[in-house]
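This report concerns only the one structure given below.
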Amino acid sequence: MKKILIPVFALTLLSTACDVLDKDPLPSITPENFFTSADDAEASLTAAYDALQGAGLYGQDIIVVGEMPSDNCTSANGDVAALENITWNSTTGQVRSIYRDSYIGINRANSILKYVPAIDMPAARKNQILGEARFLRALHFFNLVKLYGGVPLRLEPTETGTSEVLNLPRATADAVYAQVIQDLTTAEPLVATSNLTRVTQNAVNALLARVYLTQRQWAPAQAAAGKVLSSGSLAPSFKSLFPADNKSESIFEVQFAGSADGGNILPDLLLPSPPATYSFPKFSIPTLYRSQASAQPTDLTFVVDTLTDKRWSFQGVTNAGRDHASYVDGGRGTGNDDGPFVYKWSGNPNGFNSPDNTYVLRYADVVLMYAEAANELSGPTADALAKLNLIRQRAGLTELTSTSPQAASKQALRTEIDRQRRLELAFEGERWFDLLRYARHEQADPAADHAVTALDVIRAQRKTPTADPNYLLFPIPLDELNTNPNVQQNPGY
């Protein structure tokens, strides 16, 4: 999407080339002289989507943070050591970049919401643009509140450097969640019902389901997920989903062009060489086949079925090694390019400019969210079990029945749903966030029990007898604390 940003702005400013010499030159692009036409509205929306590609967001760090601290991944790369060991602090690179790039995206969405309503253009398209901007703002605030807790709730574009504008205090986490839900419910009737590369009603409802699930609001989570499930289905083949390219199961993806200003960095950070550009210790190495001395009981080694499960079983040989759909096995040596590597971004890395898209929301995720919400409401139910079986059957696993041990109780089905989420969505940036909400679920409801939560991983990785709950949140970045005296640090940092 970056590849079209500059041309759109250029066309906007030079659309009357035949009489450009008769006009006074514009000294700068400002809201007053830019937001004047439908082309300007479209360009501003392109810029808002473009923000998702930032290295702090879906271009790298939000996916890495969603996996590296978890039991899914390990790495010897120093750039992610703080995530691997759960020793992050307020100056850790990913802590800073996610916060910064999220607010860049929020600011671009805020500019649309402030200025596009006054533009003279077809009402239907204007409303779609406003709805898409609300979705994007909601997505950014949702990522922020999950990682940092309450954050400054910036709902206007930052256009001056005054303290009143810059030095907003932190809103409560509840207030941020309320704004996310308000933005999404406002967006739903405005956005398109279908669009391969932009926000749709299914994307809005899928994100709403995820938000409600995070807040343990089971009934609205099930209802939002149900809206999505009523108009789609799983793709027949799990393998066919990767790399992401707006396929049938896609609900919302970050689009990458594969060019120097619009390429995806992740494949080169995750894949062995070849096909990656060169050899170095990779990010997010699957916790498969670790040595017995360093293996953890929650490693994927002890969870996956590499014989029957089509998401993890041998698929054939590629130039990256032995293809297992979710991962690729480069060998059993000791070099950088041996062992298991993430293979859900399996296209040509293209020198850190891969054309592979990144899933933000896909249909199988919504199926599992529906099953989880239904089970938490009144499980074990036939409805929850049926949804879970959709995932199991595509993976080549046997169908569960009401007499199966996995469906013997709400707790038993909860454990199986958690397990299938891990196996289905591995390496897609959701595992750490799932572990975080499992920990908070147990804190809020002592009767709930998840086999693994973020607190279990924190205890193991930090090698302490008890888990420090402060690590359920990132610290507020030091940059923000230094420039905004009204922001207080999270406990424990």
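The values are calculated or read from the model by the stated rules, or taken from the named source; none is laboratory data. Note that the coordinates shown come from a computational prediction; the quantities given were computed from them, not determined experimentally. Cβ sites come from the backbone with ideal geometry, for glycine too, and all protein chains shown count toward neighbours. Ligands, DNA and RNA are stripped out before the accessible areas are found, and what is left, the full protein with its side chains, is counted by its heavy atoms. Shrake-Rupley method; radii C 1.70, N 1.55, O 1.52, S 1.80 Å.
Only residues that are in a helix (DSSP H, G or I), at pLDDT below 95 and open to solvent by less than 40 Å² (accessible area, probe 1.4 Å): list them for region 32-68, please.
To start, the set of residues in region 32-68 that are in a helix (DSSP H, G or I) comprises 32-34, 38-53, 61-65.
From the residues that got through so far, the ones that are at pLDDT below 95 too are 32-34.
Across region 32-68, the qualifying residue is only Phe34.
Please find, within region 246-272, the residue that is modelled with the highest pLDDT out of those that are farther than 23 Å from Ala47 by Cβ and open to solvent by 30 Å² or more (accessible area, probe 1.4 Å).
Per the criteria, the residue is Lys247.
Considering each residue of region 321-377, count those that are in a loop (DSSP other than H, G, I, E, B) and under 14 Å from Leu266 (Cβ atoms), and give that number.
13
When Asp305 is evaluated against the numbered criteria (1) closer than 27 Å to Ile458 by Cα; (2) touching a strand residue (DSSP E or B) at 6+ places or on another chain (Cβ under 9 Å), which criterion, by number, is the only one it fails?
Failing condition for Asp305: (2).
Keeping to region 161-189, report how many residues are free of Cβ contacts under 8 Å to residues at least 40 places away in the same chain, over 23 Å from the mean Cα position of the chain (by Cα) and open to solvent by 70 Å² or more (accessible area, probe 1.4 Å).
Selection size over region 161-189: 1.
Quick one: in region 426-449, which of the residues that are open to solvent by 10 Å² or more (accessible area, probe 1.4 Å) and of a type in the set (A, V, I, L, M) is nearest to Tyr359 (Cα to Cα)?
Here the answer is Ala444.
Residues being closer than 21 Å to His140 by Cβ and at pLDDT below 95: count how many of those fall in region 198-242.
0
Please go through (1) farther than 15 Å from Gly321 by Cα; (2) in a helix (DSSP H, G or I); (3) in contact (Cβ under 8 Å) with a residue 60 or more places away in the chain; (4) not aliphatic (A, V, I, L, M) for Thr301 and return the number of the only condition it doesn't satisfy.
(3)
Here's the yes/no breakdown for (1) at pLDDT 95 or above; (2) over 27 Å from Leu241 (Cβ atoms); (3) aliphatic (A, V, I, L, M):
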residue	(1), (2), (3)
Phe427	yes, no, no
Phe433	yes, no, no
Arg437	yes, no, no
Ala444	yes, yes, yes
Pro475	yes, yes, no
Pro491	yes, yes, no
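Pick from Trp345, Trp312: which is within 26 Å of Glu253 (Cα to Cα), within 21 Å of the chain's Cα centre (by Cα) and buried (at least 22 other Cβ atoms within 10 Å of the Cβ)?
Within the list Trp345, Trp312, the selection yields Trp345.
Can you spot a residue in region 471-482 that is more than 24 Å from Thr172 (Cβ to Cβ), out of contact with any strand residue (DSSP E or B) (no Cβ under 8 Å at 6 or more places or on another chain) and open to solvent by 60 Å² or more (accessible area, probe 1.4 Å)?
Within region 471-482, not a single residue is more than 24 Å from Thr172 (Cβ to Cβ), out of contact with any strand residue (DSSP E or B) (no Cβ under 8 Å at 6 or more places or on another chain) and open to solvent by 60 Å² or more (accessible area, probe 1.4 Å).
Scan Leu153, Leu130, Leu113 and give me the residue that is within 21 Å of the chain's Cα centre (by Cα) and either among the acidic types (Asp, Glu) or crowded, with 17+ Cβ neighbours inside 10 Å (or both).
Result: Leu153 is the single residue among Leu153, Leu130, Leu113 that is within 21 Å of the chain's Cα centre (by Cα) and either among the acidic types (Asp, Glu) or crowded, with 17+ Cβ neighbours inside 10 Å (or both).
Could you grab me the full set of residues in region 236-245 that are open to solvent by 10 Å² or more (accessible area, probe 1.4 Å) and not polar (S, T, N, Q)?
Pro236, Lys239, Phe242, Pro243, Asp245, listed by residue number.
Yes or no, residue by residue, for (1) of a type in the set (Val, Ile, Thr); (2) buried (at least 22 other Cβ atoms within 10 Å of the Cβ):
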residue: Thr92; (1), (2): yes, no
residue: Pro117; (1), (2): no, no
residue: Phe135; (1), (2): no, yes
residue: Phe141; (1), (2): no, yes
residue: Val145; (1), (2): yes, yes
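Could you grab me the full set of residues in region 319-338 that are in contact (Cβ under 8 Å) with a residue 60 or more places away in the chain and closer than 21 Å to Tyr278 by Cβ?
The answer is Tyr327, Asn336, Asp337, Asp338.
Being assigned to a loop (DSSP other than H, G, I, E, B), on the phi < 0 side of the Ramachandran plot, aliphatic (A, V, I, L, M) and open to solvent by less than 10 Å² (accessible area, probe 1.4 Å), is that true of even one residue in region 217-224?
Checking region 217-224: not a single residue is assigned to a loop (DSSP other than H, G, I, E, B), on the phi < 0 side of the Ramachandran plot, aliphatic (A, V, I, L, M) and open to solvent by less than 10 Å² (accessible area, probe 1.4 Å).
Return the pairs, sorted by first residue and then second, in which the second residue is surrounded by 21 or more Cβ atoms within 10 Å (Cβ to Cβ) and assigned to a helix (DSSP H, G or I), the first residue lies in region 430-444 and is touching a residue at least 12 places away in the same chain (Cβ under 8 Å) and of a type in the set (Gly, Ala, Ser), the beta carbons are less than 9 Å apart, and the residues are 6+ apart or on different chains.
Ala439/Ala454; Ala439/Leu455; Ala439/Ile458; Ala439/Leu472
For (1) modelled with pLDDT under 95; (2) under 20 Å from Pro286 (Cβ atoms), each residue gets a yes or a no:
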residue: His324; (1), (2): no, yes
residue: Gly331; (1), (2): yes, yes
residue: Phe352; (1), (2): yes, no
residue: Ala364; (1), (2): no, yes
residue: Tyr370; (1), (2): no, no
residue: Leu385; (1), (2): no, no
residue: Ala407; (1), (2): no, no
residue: Asp418; (1), (2): no, yes
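Answer yes or no: is there a residue in region 107-116 that is free of Cβ contacts under 8 Å to residues at least 60 places away in the same chain, of a type outside the set (Ser, Thr, Tyr) and in contact with a Leu (Cβ under 8 Å, 6 or more places away or on another chain).
Within region 107-116, one or more residues are free of Cβ contacts under 8 Å to residues at least 60 places away in the same chain, of a type outside the set (Ser, Thr, Tyr) and in contact with a Leu (Cβ under 8 Å, 6 or more places away or on another chain).
What number of residues within region 223-238 are over 15 Å from Leu361 (Cβ atoms) and within 20 Å of the chain's Cα centre (by Cα)?
1
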